[in-house]
Structures are given as C-alpha cells and as structure tokens.
C-alpha cells in the first residue's frame, strides 16, 4: 500500500524524498524506481521530508516507528507532519498524535478503506481523524490519493477515523465469512455456483463482497489484497471496542474465530477470501 501511494504521488508531481522498509532490499528497489533515498534507519526519513506517511501492520509496529528513545521518526520532528494510515487500535492513534505534538510535529490518521490497486490509482477511500487544521493543510495531497477528493472524509478528532475503519472492516469480514458459508453450502448441495453468485448479487444477499470475492472463493484464487491475518487482527480491534462499550458482538466474534483458525493453519497470508477453505466441502488446504 505504501509503495503504491508513493508511486501515485510521484506521478502527480510530488517529490518522494525518502523511503524506509524493514526489508532494506524492498526499500532500495522502491527508492531506485522513484529516484528517492533509501533510508536504513527512521530518523533520516523525517529529516528528508515535510510530510511523512506511515503504513504499518499493527499497534506494536506503529509505536515502534514513533519510539520515544533510540531511532525514531520523532527525532528532529519539529515542524513535520505525519500521516498514519495503518488500521490500528484507535487509542494508539490518539497516543501518536500526542507524541508528535510533544516533539513539535503534527499527526493525522488517514485510514484506508480500499486495497492495493486503489492505492496505485489514487482512488483510496480515506477517512481522516485528528485536528481539523491539520486535515485542511493536508487536503491537497490527500485529494490526489482519493479520486480528487471524492473519496476523502474528515471524521473527527484523533481516534474517530480508526473507530469507523474498525467497523468497516468488522462488517466486511462478517460479509466475507457469510458468503463463504453460503457458497460452501451451495457447493455441498451440488448447485451451480456461477448461478448462485448471480442470484446473490441480484437479491438481499448482495454486497460488494459478492463481486470482489465470490469467484475467487469458487476458483480458490486467494491472491492477497487484504490478508486473513489482517482480517483476524481488525476483527479483534472491533471486538475490543465492543467490549469497552459493554456490547456483545457474536457475529464479529465468530468471524474472528474463523480467521484465527486460518492463521493457526498457516494460511494467514491468504487473501480474506481464503476463509472459503474452511467452508467448502473437501477443502482445507488451498490449491497452489
């Protein structure tokens, strides 16, 4: 996601000054492509740019790049602005905003309800949380990433965009699990699955998941755009929010249990559509 966002912005006239990845070879390859500097540590990234985008995997990774000691994006951060795009616990976004401000910098969460192709094409659905003046100042660059602003939303203070993103992914994951069970049962009944997908798409069973994942489930094509491991993680974020509110979310809990099972089987790197490997008769291990 981060690499494709960088490619998109460079094509639209922005200078991508520096890149960093835990895998130095990945960073160097992207830097060569974009005529940027490949940084081996975090502090030079901040030194090289005015706006720094972060796209990481989870809470621990987000905290690590904003560490208060040692190598960190916060070193020399005064006057800089951080745009944090990871799907993480909302309270961590609040925490990072406070750390950035303590260092004389600004931070904005820009949660992405889209996938890899949209990052490349500049058509990300971006939900932003943080100080409104920071959002307004960043609007031009965010507009380039969100279909000229058509898919750009300011949600509210830090943490609120992450709350919305957690709910988006919770519902998406539940829909994916439901579709996998419907198609799996259809397969067990010997129904024509192409016909079944068409019927789903034309009735109350319709959702975007039917269009994006239905054929992949049938064909066992689980090329990863949004991993099962991330689906498990994000379902957990929503469940934790529900617990904080005193709510029971049984469908979200059952969905997380299914994705946790995929991860335990070593299949967490599959796309979220890989949940079909648990529901179709005769499956259990995806085809190569």
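The values are calculated or read from the model by the stated rules, or taken from the named source; none is laboratory data. Computed from a predicted model, the values in this text were never measured in an experiment. Quick reminder, even Gly has a Cβ in these numbers, built from the backbone with ideal geometry, and neighbours come from all protein chains shown.
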Problem - Candidate set: region 194-215, residues that are in a helix (DSSP H, G or I) and surrounded by fewer than 18 Cβ atoms within 10 Å (Cβ to Cβ); chosen: the one farthest from the chain's Cα centre (by Cα) - result: 195
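Residue-wise test of (1) farther than 30 Å from residue 238 by Cβ; (2) in a loop (DSSP other than H, G, I, E, B).
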site	(1), (2)
32	yes, no
46	yes, no
72	no, yes
83	no, no
94	no, no
98	no, no
Exercise for the section: Determine whether region 179-189 contains at least one residue that is under 17 Å from residue 268 (Cβ atoms), surrounded by 20 or more Cβ atoms within 10 Å (Cβ to Cβ) and in contact with a helix residue (DSSP H, G or I) (Cβ under 9 Å, 6 or more places away or on another chain). Expected result: yes
Handout entry: Residue within region 245-267 that is assigned to a helix (DSSP H, G or I), modelled with pLDDT of 95 or more, more than 17 Å from the chain's Cα centre (by Cα) and closer than 25 Å to residue 2 by Cα present
Key = yes
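Kindly indicate the residue of region 48-70 that is assigned to a loop (DSSP other than H, G, I, E, B) and in contact with a strand residue (DSSP E or B) (Cβ under 9 Å, 6 or more places away or on another chain) and also surrounded by the fewest Cβ atoms within 10 Å (Cβ to Cβ) among those meeting that condition.
First, the residues of region 48-70 that are assigned to a loop (DSSP other than H, G, I, E, B): 49-50, 55-58, 66-70.
Okay, now just the ones that are also in contact with a strand residue (DSSP E or B) (Cβ under 9 Å, 6 or more places away or on another chain), so 49-50, 55-56, 66.
Details: 49: 18, 50: 10, 55: 21, 56: 19, 66: 23.
Restricting to residues being assigned to a loop (DSSP other than H, G, I, E, B) and in contact with a strand residue (DSSP E or B) (Cβ under 9 Å, 6 or more places away or on another chain), the top hit is 50.
Restricting the search to region 146-166, which residues are touching a helix residue (DSSP H, G or I) at 6+ places or on another chain (Cβ under 7 Å) and more than 12 Å from residue 111 (Cα to Cα)?
If we filter region 146-166 for residues that are touching a helix residue (DSSP H, G or I) at 6+ places or on another chain (Cβ under 7 Å), which is where we start, we get 149, 152, 154-155, 158-159, 162-163, 166.
149 - this is the single residue of region 146-166 that is touching a helix residue (DSSP H, G or I) at 6+ places or on another chain (Cβ under 7 Å) and more than 12 Å from residue 111 (Cα to Cα).
Select from region 30-45 the residues that are under 15 Å from residue 75 (Cα atoms) and in contact with a strand residue (DSSP E or B) (Cβ under 6 Å, 6 or more places away or on another chain) and write down the one among them that is surrounded by the most Cβ atoms within 10 Å (Cβ to Cβ).
First pass over region 30-45, keeping only residues under 15 Å from residue 75 (Cα atoms): 39-45.
Still in the list and also in contact with a strand residue (DSSP E or B) (Cβ under 6 Å, 6 or more places away or on another chain): 39, 45.
Working: 39: 20, 45: 22.
The selected residue is 45.
If only one of 158, 187, 177 is closer than 26 Å to residue 248 by Cβ and modelled with pLDDT of 95 or more, which one is it? I'd like the intermediate steps shown before the answer.
Values: 158 fails: closer than 26 Å to residue 248 by Cβ; 187 fails: closer than 26 Å to residue 248 by Cβ.
One residue alone meets the criteria, 177.
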